[in-house]
Each structure stands twice: as structure tokens, then as C-alpha cells.
Amino acid sequence: MVYDRFVAICRPLHYGTLMGSRVCVKMAAAAWASGFLYAFLHTANTFSIPLCQSNTADQFFCEIPQVLKLSCSHSYLREVGVTVVSSCLFFGCFVFIVLSYVQILTAVLRIPSEQGQHKAFSMCLPHLAMVSLFVSTGTFACLKPPSLFSPSLDLVVAVLYVVVPPAVNTLIYSMRNKEVKQAMTKLIQWVQCHH
């Protein structure tokens, strides 16, 4: 997504050639492959540990740290391995996103018209807000000190980084579609008339 925004703002005249179907397929394949590899490593690690405590996790989904808490073996090396792989993947994506947004911001600030700057910012801010929400809550969930342990806090944080970004991201990007805007306007008018 950030690469699409980068090309649209920093290289608008080359958008058609830089974001062709071949590039989109390669980016989608890379995202799916890295996601599959990441999920496979977590799944293989999780299924290889013996569980001796209750099989009930304090989450609404099987989150890896919650499953590791149920283990009766000392999974220190496994946790370190998963943490290293996760950190490398996270750090690589984070650096790419930050560098892209720095270039986008400098390009936007060079746009002479205020209207052009506003349009460019309106394209990027929703994505940046969702990435920030996901990264900050995910980081907090993984790095919070044990003294802050609370099942309800863990549940709220998990909802914030698992449910909210995809749901809000879909809503934000669908609101750019004229047909969706018209349908929402009709729905709001209908609700106002019937109240």
C-alpha cells in the first residue's frame, strides 16, 4: 500500500508503468509468501511444544504468546527464534514504510498548491493512521512489561491490532468509491427520514 502511495505521489507520470499488473502480482506474491512463511514458522513452533496447563488461552483467538504461556517446557530458545524472525520481518517492513513516507512527505511539501498538498495528504493519512495503530498496539502487546498483565487489557489490545485496522481500512478505502459514498448518503437520509 505504501509503495502504491509513494508511486502515486512521487512518480505520478510513471504510475502506469511502475504499477503495472506484473508489479502488483509480484508484490502480492511477496506479501503472501512472507505471510505464509511467518505463519508456518509460528505454527510449527506452537505445535512442537507440549502443553501441560489448561488448554484455554485468555484471548479470543490463538495468539502465539498466549499459547506459549500454556507450555510446560522451557521454550526460551523457541521464543528467541520466533522473536528474532518476527523482529527482522517487522524491522524490514517498518524501515521500508518509514523511508517511503519520508520521501512522500518531502514530495508533498514541494507541491506548490495547497489543494494539491491537501489531496496528497488525504491519500496517505488514512493508511499512515492504520499502520501506526497496528504497529503501536502490536508492539505494546509484545513488549509490555509483565507487571501490566491483565487478561482484559490483553484482549482490548488484541482487538485494537487484529480487528480494528482491517475493518477501518476497508471502510476508509471504500469511502473513496463514488458508488459507496452515494449508497451511504442514501442510507443516512433514509435513517434520518424514519426517525
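The values are calculated or read from the model by the stated rules, or taken from the named source; none is laboratory data. None of the values given here were measured: they were computed from a predicted structure. Using ideal geometry, Cβ is built from the backbone for each residue, glycine included, and neighbour counts are taken over all protein chains shown.
Structure summary
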read-out: Entirely in segment 110-179, the helices (runs of 4 or more DSSP H) that have 1 or more residues that are in contact (Cβ under 8 Å) with a residue 40 or more places away in the chain and more than 19 Å from the chain's Cα centre (by Cα); value: 114-143, 151-162
read-out: Residue pairs meeting the criteria (Cβ under 8 Å; at least 6 apart or on separate chains; first farther than 17 Å from residue 143 by Cβ, in segment 73-87; second surrounded by 13 or more Cβ atoms within 10 Å (Cβ to Cβ) and modelled with pLDDT under 75); value: 75/68; 78/68
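Every residue, every condition in (1) loosely packed, with under 12 Cβ neighbours inside 10 Å; (2) hydrophobic (A, V, I, L, M, F, W, C); (3) under 16 Å from the mean Cα position of the chain (by Cα), yes or no:
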residue	(1), (2), (3)
6	no, yes, no
11	no, no, no
18	no, yes, no
34	no, no, yes
40	yes, yes, no
